[in-house]
């Protein structure tokens, strides 16, 4: 259910009017998501979901009760408010609970709503897919993919008069092309707020060229290689690293970012001085909701500057307790690149490996942020500045800290999606790193 | 807290089963099946009566027919999730909520259409059904091989998970007390940090189809766990362990019967041991996998590659494909002769156990790997005809009213050895091995062939005796070599279930709960890695 700013405000005020608690916080989100899926060069499933969700958090002192509703009739709301109050009364005190934010919050102005995306019809989506499948048949490939558009809003309000509302559109588009003999495969994945940013023809060509090029890979010995990570692979390395940057875990001594003497590593140079990573909710290519679930404003934040750790994310409780700044979990990540192209990175490489995507990435050792995972969707051997031949996939055992420490070059940054960091909008360059550790071969394609 | 945030914290470590035996119930834990028939008193999705739901279902099916559908079904679902989390002596979160709505699926010109809405009334049912038909028609321009469904009888039935204590009948305060007590035990035993959580799910759903079925189901499951961390102040190193509780298709009785406090104490004690334990020497060793570890290995190396949609390429863009392609059916020597892996959607306490799937097909048991040979896939009504079968194995599942039902993994388990063999006996027969308990990090490729798994505890076995603990262990290999190296499986007295709430698949992503049972099992000459040396 798509509600306007005014309708949402009224709904939140209504929820609050039923409250008998000391304070109450209400979040409302809703809208329509529609999708089409395809596989084996054919349409498979599809979907259209019209949803509304109301989260009610009632507080008695430091006791809190939370419930979620998916119906917004007066009786449902009344019952929901009562239920959250019952839970709150039954709950023990939470010493870490913080008072509600008041109405004096200033939010960044973010445009994340585009008619191009909001007005996309089932036929429009089918036509886009039809182009991809046409090319797939033409090039004798087998393709599978997904295309989703959404027209939604999110909002939060509380009994201290805070109210924030944000309408947004998003699209998610990806597909995989495989060669008929099953020995070649590649994938592209993008998401944008504005449908006009989706360059279907260019993406289709890139993906299908790579699928063909990756056919019949040759075995390369596992080991440490100079490696160029395509943006989709860089995306996972950067996204996974940021996931570990919780200030409390660091201060408490249970993280890579812990420091025995001063609590955490803020101010230390941990990565190559070429590395700059920041969050900016107003970035035009990766705009995000300008507030958190509790209504806290999001703002531009530096995480790494010239390889130096600048901030760790931290909630209001921990910030107050340690007298440090509140740092919301990053809504997006931007890693600054250069003006170089991917082709230039390859051209300047004597011997190395080029990886399109990573896959099934898991933490092996949280203390060193050692990750394991596989290469997927094309990996190639480079010699004398040229891609020589496709190689078999590898399993890697590597830490993003090492990767960004051993970084020697980058291309221009671009908005992409990795394999396992879909929940975050990330803009990254292709990166060239020394000594990337591939531990074993993997036969899968 | 959003589910996504929760997943970020906990997705990587689904829990397993206890080392201590006899946790579930007295008697054999193997081969007990549910009897159909215990019935939920009413569908509590909203204030409507069953007759009113029936009427709305009929309207959907009529509307679909009028709009050209050759098949249609409607699911009205209410999913309740209650979650409670604590940290040391503090409550971190308490949340409860219903997710109610309906979804209509239609087949027009051999092409699927699907639409869903959280508001249920006559006019919305008509609107949504028309929308599903409109989408099917729009998409049918792409259709090159129309969907054909395996036949199914019509059923009018009810089914409920057999539970003794409904978790939703207990107060939040009781559940918080339970956790704080466990956290205190951990702190007293010497843990520096301790977190606990409980998660209770009730899936209440009505399914009606143009075949004439009307099925009401009331499903329950829970997951509770305590995680302890101990820091060595002198080195700054830390180690963690989780309790061996597992997500399971049971009521609160699971937690009442489980030796929870003992497990927490042991978790702390063993974490301290782990900090002092020697780092493993890499090389080839025999491994004995406890069910709390093996469930995940079964899930990844047998569960996923035998999903027929994966094998056919339907999941190529996300989860991946499968090395077990259709030419390997009835040909591939998947494992040694003693390896029998079977699927069973009626298994007692299984997370994916239910009476009917979301195609309205009655659930059953069948063989996937028989005497080491690959003999069957997992199927739905749409998939079965694609391998020449005229009956579905009932694996369709949509995780919400708003999700299109796709093929999801059934409970898939390893049959215990037929000869009497206890875990102690198996250890005593092992010269040079590692006994691995609990699951932790894992990774496997997109065709489910090359893998790397770790665990919670690793015990060094020399000359038939446990010598002490090891750390930094991972085992690595490929699916077929692993299962062909299997030479001993303990008997049914050691059989236990492990499982996950979150098997991920599909686009948009859906999660499904699933269990995997096994007895401790030995694999010979497996490649052991040292995870610390890899960096």
Using alpha carbons only, how many angstrom separate the centre of the stretch A:44-84 from the centre of the stretch B:100-150? 27
Cβ neighbours within 10 Å, averaged per peptide: list A:415-423, A:260-268, B:323-331, B:297-305 in order, most packed at the top. B:297-305, A:415-423, B:323-331, A:260-268
Fewest to most Cβ atoms within 10 Å: B:177, B:399 sort as B:177, B:399
For the stretch B:326-416, taking Cα atoms only, what is the radius of gyration to one decimal and the Dmax to the nearest whole Å? 13.6, 43
In whole Å, what is the distance between the alpha-carbon centres of the stretch B:157-175 and the stretch A:87-132? 33
If R0 is 51 Å, what FRET efficiency do you get for residue A:96 and residue B:325 from their C-beta distance, rounded to 0.05? 0.45
How much FRET efficiency would the formula 1/(1 + (r/R0)^6) give for residue B:276 and residue A:262, where r is the Cβ-Cβ distance and R0 is 30 Å, rounded to 0.05? 0.65
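I'd like the mean, over residues of B:131-142, of how many other protein chain beta carbons sit within 10 Å of each residue's own Cβ.
6
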Any idea what log10 I(q)/I(0) is at q = 0.24, 0.33 Å⁻¹ for the stretch B:411-459, Debye with uniform C-alpha scatterers and no solvent? -1.07, -1.10
In this structure, the FRET efficiency calculated for residue A:367 and residue B:525 from their beta-carbon separation, with R0 = 25 Å, to the nearest 0.05, is 0.25
Taking only the alpha-carbon positions of the stretch A:385-440 and ignoring solvent, what does the Debye formula give for the base-10 log of I(q)/I(0) at q = 0.15, 0.28 Å⁻¹? -0.60, -1.21
Using Cα atoms only, what is the angle between the long axis of helix B:172-189 and the major principal axis of chain B, expressed in degrees (0 to 90) to the nearest 10? 20
Need one value for A:80-92: mean number of C-beta atoms belonging to other chains within 10 Å of its residues' C-beta atoms. 4
Rg and Dmax of the stretch B:371-498, using alpha carbons, in Å: what are they? 18.8, 56
Based only on Cα atoms, what Rg/Rh ratio does the stretch B:46-119 have, Rh being taken as Kirkwood's radius? 1.24
10 Å Cβ neighbours from other chains, averaged over peptide B:237-246: 1
In deg cm²/dmol, rounded to the nearest 500, the helical mean residue ellipticity at 222 nm of chain B, built from -39500 (n - 2.57) for every DSSP H run of length 4 or more, is -6000 deg cm²/dmol
For the stretch B:40-184, take the convex hull of the Cα atoms, compute a quarter of its surface area, and give me that in nm², please. 12.4
For A:430, A:435, A:280, ascending order of other Cβ atoms within 10 Å (fewest first) is A:435, A:280, A:430
Output the Kirkwood hydrodynamic radius of the protein assembly as shown, Cα pairs only, in Å rounded to one decimal. 28.9
Descending Cα extents along the principal axes, chain B, whole Å: 72, 56, 44
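Seen from all sides and averaged, what is the projected area of the convex hull of the Cα atoms in the stretch B:170-269, in nm²?
For the Cα atoms of the stretch B:170-269, the hull's average projected area reads 8.5 nm².
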Tilt, helix A:5-17 to longest principal axis of chain A (alpha-carbon atoms), in degrees rounded to tens, equals 50
Give me the percent of Cα-Cα pairs in the stretch B:468-508 that sit more than 11 Å apart, rounded to a whole number. 82
Angle in degrees between helix B:122-139 and the longest Cα principal axis of chain B, rounded to the nearest 10: 80
Pick from A:184, A:239, A:47: which residue has the top mean-square fluctuation in a GNM of chain A where Cα pairs under 10 Å get a spring? A:47
Pair-distance profile P(r), taking every C-alpha pair of the stretch A:1-141, with 5 angstrom steps and integer %: 2, 8, 14, 14, 12, 11, 10, 8, 7, 6, 5, 3, 1, 0
Using only Cα positions of the stretch A:217-445, each an equal point scatterer, no hydration layer, compute I(q)/I(0) via Debye at q = 0.10, 0.12, 0.13 Å⁻¹ and quote the log10 values to two decimals. -0.46, -0.65, -0.75
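Could you work out the Kirkwood radius for the stretch A:160-288, taking every pair of different alpha carbons, averaging 1/r and inverting it, reported in Å?
Here the Kirkwood hydrodynamic radius works out to 19.2 Å.
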In square nanometres, what is the average projected area of the Cα convex hull of chain A? 22.2
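Would you please put B:445-456, B:262-273, A:165-176 in order of how densely packed they are, using the mean number of other Cβ atoms within 10 angstrom per residue and starting with the highest?
B:445-456, A:165-176, B:262-273
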Roughly how many whole Å is it from the C-alpha centroid of the stretch B:462-517 to that of the stretch A:376-445? 30
Per 5 Å bin, what percent of the C-alpha pairs of the stretch B:285-530 does each bin hold, from zero upward? 1, 7, 14, 19, 20, 16, 11, 7, 4, 2, 0, 0
By average Cβ neighbour count within 10 Å, what is the ranking of A:309-315, B:49-55, A:16-22 from highest down? A:309-315, A:16-22, B:49-55
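Only the coordinates and a few stated rules stand behind these numbers; no lab work does. Note that the structure is predicted; figures quoted are calculated from it, not measured. Cβ atoms come from the backbone with ideal geometry, glycine included; neighbour counts cover every protein chain shown.
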